Every structure is written in C-alpha cells, then in structure tokens.
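The values are calculated or read from the model by the stated rules, or taken from the named source; none is laboratory data. Predicted, not measured: the structure shown is a model, and the values here were computed from it. Quick reminder, even Gly has a Cβ in these numbers, built from the backbone with ideal geometry, and neighbours come from all protein chains shown. For the accessible areas, the whole protein counts, side chains as well, though only heavy atoms, and no ligand, DNA or RNA atoms are used. Shrake-Rupley method; radii C 1.70, N 1.55, O 1.52, S 1.80 Å.
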Amino acid sequence: MQKRVAVTGIGVITPVGNDIETYWKNLLAGVCGIDFIRSIPTDDLPVRIAGEVKDFNPADFGIEAGFARKQDKFTIYAVAAAQQAVLQSGLNSFEGGNIDPMRFGVYVGSGIGGFSTMMCETEKILTEGAKWVSPLFVPTMISNIAAGNIAIRNNACGPCLPVVTACATSTHAIGEAFRAIKHGYADAIIAGGTEAAVISLTIAGFANAKALSRSEDPKYASLPFNKNRGGFVMAEGAGMLILEEMEHAKARGAEILCEISGYGNTCDAYHVTAPRPCGTTQAAAISAALSEAGYTSNDRLYINAHGTGTALNDTTETAAFKLALGDDAYKAHISSTKGATGHLLGAAGAVEAIAAVLALKDGIVPPTINLDEMDPECDLDYTPNIPVKADLTMAISDSLGFGGHNGCIAFRKYK
C-alpha cells in the first residue's frame, strides 16, 4: 500500500532571509537580495554581483564554533537550514524521541559541494607543496558531506542519499525522498539542497560560458521572463523540507503544512548546457508530477518556475508549461522568485519548493520582481512585481539543470 506524504517542517538560508518568516516576508515585499559581492575581491572578475547570504551567524542555529571552522560554507548552510526544519517538525530520533532512527533519513544534495575548499587547497599544493594540504580536505569538500553531517547531528540512521544533478539537485532530492516514504522505506526524511559557490573560479567559469548577467545594477540584474534579461545571477544558501509519512505525522500531532503528492524526473538528452528548445522533455517531467498528484482543470494552480533569466530557459520553460497544461497554462499563477534571490544552483529547487509550500498554505502568490517588460514569447501569467492573493489547491516547482536534468515536484493543500 502506497503512503501519503506530509510536509511538517521547512528551513532556509538565503540572500533574502535566514529564517522562514523573513524569507517569506521579503519575497512578498519584492525585496531583492542581490548586491555587489563582498566576500571576495572582485577587481579581476568579469561579474561583480551575486546573491550572497547576509548577517549569518552559525551560533544562531546551534552550530559550534569548532565545527564551523572545519567546514565548508555549503555544509554550514545546510546544517543551519536543516536545524530550522527539524525544530519546526518536532521530530526527535534520540532516546525517548518520536521516530525510529532507522526510519529517519537524509536526502540532501549540492550541485558543486565544497568548491571554496577545493580552490583553497589547490592553491596550497601549487604554491606551498603537498604537505600543506589539509587532512580534512576530502571530508570537507565532497558534495555528500552536508548530508552526512545532518544525519550525524540528527541521529538519522535511515536512508541517506545525496543527489547531484546541477541546478535540479534539490528538486530531485525532494522527489526521491517523497518516493522513498511513499513506498515504505522511511517514515521521515530531511530533504533539500545547499550551495556556497560564490567564488572567483565559479564566477569566471559561468561568466566565460556567457551564462551570467553582466548588469552593473545588482537590483536590476536577475530578470526572469523579461525581454531585457541577459543571464542568471549566482547565489548561495540552503533549503530543507521535512517529509513525513502522513499517518506517522498525524499520530504524533505534528502540524501538517501541506501534502507532497507528485514527482517527475526526465532528461533532455540534448545538450550539456542548453535546454531542449521545444520543451517536450521538460513538459514530460511537469506532466508526470501533475498526473501523480491528480491534477484536474478544477485545481487552482501555482507554479514556482525555474525562471533563470537566461534567453533559452525562459522561452523553453514557457513552451513546456503550455505542453504540460494545455489551455490551463493561461490560468495558472506562475512566478520566478529568482528575481529576488538569484540562482542558488543546487539549492534553488528546495528554496523555491518552500516558496510553493508557503504560497499554498497562505493563499498568496509571490511576485516575479523586475518584470517591467514582458518577453512576448513568455505570455503566461508570471505575476509581475506584486503578490496576488489566490485560493490555491495545488502548487508545483520545477527545475532544469546542466546535463539536461529536469525535475518537478507537486504539493496539495492539506485537508
């Protein structure tokens, strides 16, 4: 018998807020978290803007100074976001707790992992020699280590499966966690993604690939579905959701934020960076999630779009929505919160899934900020600049990653 799956906790570290209340308030207010980069020198960089996390103190999330000193930022952000989500859920797998540790899992991925650690230690071996490379280099850098540390801190001894699918990473992590619980392999899973790749090497690589916005105005740089768009803006942070088997959540009296009810996963099999332009493979992932969630034309749907602000993504994604939904695409509420946050790469899907959960729960659609000139090819309701109240019954969040990875997850209002 297949299980129903609830969302019982959420947590974020983002450029527009390091807790759920601040994150959601700023998304609805149209606050832009993109600014000039302050964490590294930018004199020699072709792009000097990003969505950096601000005013972050690991101690605020119970993270010890010794632990923080030894970890890459991508792990610290992950642990902080997971801490928020676990606290909200009320789950406790330690002695006397309310979940069996062997039935408590972690599905947390990163598109890149400890890239700043990789760069730092590479510089050491090239300039100082091998003996100066840190003995903690490998267990700090590897992209699965955020999941490992979250499991250690939460006594989560069940399935632990980090996912690496570029910018679709955390959407796939959430989707695979949903399937694991639905088919009985776990009672609850901490699921999401994390990224901290705002470093010179990453910026140079993406910029030289012509992927990044060259705007000199950070507040008008990430422009999803805008005809003036010129590339995405890199960002950092983490997003975590607690997925829990419905009856397990109800039995312990947990607050159920919504139900996760569908998942789709396809590959373009077309190009290493460009999306399949006709949108068919992307639409297949969206259609799979909608179908599993039991979508009908009577549903009032919100879509948190991938919406990167690149020329190819936004038109292709618009085509995919039309293929998946038919005429219903024109009545769906859609927005891209990347206008406010920038693109969190492997963490983007989770942070945006949380926006979808909150939209469904609170009945309000966050806006696509800076959408002052709509691209004629992006002719759906992309909620320009101002939030919209809507009695939603369903929400989806889709992600598209380098390598052609497509993912979509669907949520239903809990009844």
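Remarks
- Residue list for segment 82-97, restricted to those being open to solvent by 10 Å² or more (accessible area, probe 1.4 Å) and within 22 Å of residue 345 (Cα to Cα): 83, 84
- Taken over segment 69-81, residues that are open to solvent by 20 Å² or more (accessible area, probe 1.4 Å) and either aromatic (Phe, Trp, Tyr) or without any contact (Cβ under 8 Å) to a residue 12 or more places away in the chain (or both) amount to 1.
- All of (1) under 20 Å from residue 160 (Cβ atoms); (2) among the small types (Gly, Ala, Ser); (3) in contact with a strand residue (DSSP E or B) (Cβ under 8 Å, 6 or more places away or on another chain) hold for residue 50 with one exception: (1).
- Residues that are in contact with a Phe, Trp or Tyr (Cβ under 9 Å, 6 or more places away or on another chain) and of a type in the set (S, T, N, Q) within segment 316-340 comprise 318, 335, 336, listed in sequence order.
- Segment 43-56 residues that are modelled with pLDDT of 95 or more and in a loop (DSSP other than H, G, I, E, B), paired with ones that are among the charged types (D, E, K, R) and open to solvent by less than 10 Å² (accessible area, probe 1.4 Å) (beta carbon under 8 Å, 6 or more apart): 52/236; 53/236
- Any chance residue 100 is more than 26 Å from the chain's Cα centre (by Cα) and either among the hydrophobic types (A, V, I, L, M, F, W, C) or open to solvent by 60 Å² or more (accessible area, probe 1.4 Å) (or both): yes
- Residue 117 vs. criteria surrounded by 20 or more Cβ atoms within 10 Å (Cβ to Cβ) and in a helix (DSSP H, G or I): yes
- When segment 103-114 is filtered for residues that are over 24 Å from residue 253 (Cα atoms) and either part of a helix (DSSP H, G or I) or open to solvent by 40 Å² or more (accessible area, probe 1.4 Å) (or both), only 112 remains.
- Residues of segment 120-130 that turn out to be open to solvent by 60 Å² or more (accessible area, probe 1.4 Å) and of a type in the set (Val, Ile, Thr), as a count: 2
- As for segment 52-65, it holds at least one residue that is surrounded by 21 or more Cβ atoms within 10 Å (Cβ to Cβ) and aliphatic (A, V, I, L, M).
- When every residue of segment 82-98 is checked against the conditions, none turns out to be in a loop (DSSP other than H, G, I, E, B), in contact (Cβ under 8 Å) with a residue 60 or more places away in the chain, among the hydroxyl-bearing types (Ser, Thr, Tyr) and under 23 Å from residue 15 (Cα atoms).
- Counting only residues that are more than 30 Å from residue 183 (Cβ to Cβ), crowded, with 20+ Cβ neighbours inside 10 Å and in contact (Cβ under 8 Å) with a residue 24 or more places away in the chain, segment 1-25 holds 7 of them.
- For residue 383, the conditions (1) among the hydroxyl-bearing types (Ser, Thr, Tyr); (2) open to solvent by less than 10 Å² (accessible area, probe 1.4 Å); (3) within 27 Å of residue 85 (Cα to Cα) are fulfilled apart from (3).
- Selected residue (only one of 294, 326, 339, 309 is open to solvent by less than 10 Å² (accessible area, probe 1.4 Å) and either among the basic types (Lys, Arg) or on the phi > 0 side of the Ramachandran plot (or both)): 309
- Elements of type strands (runs of 3 or more DSSP E) in segment 180-272, at least 1 residues being open to solvent by less than 10 Å² (accessible area, probe 1.4 Å) and acidic (Asp, Glu): 188-195, 237-245
- Segment 131-156 - residue that is part of a loop (DSSP other than H, G, I, E, B) and open to solvent by 50 Å² or more (accessible area, probe 1.4 Å) and, of those, farthest from residue 109 (Cα to Cα): 135
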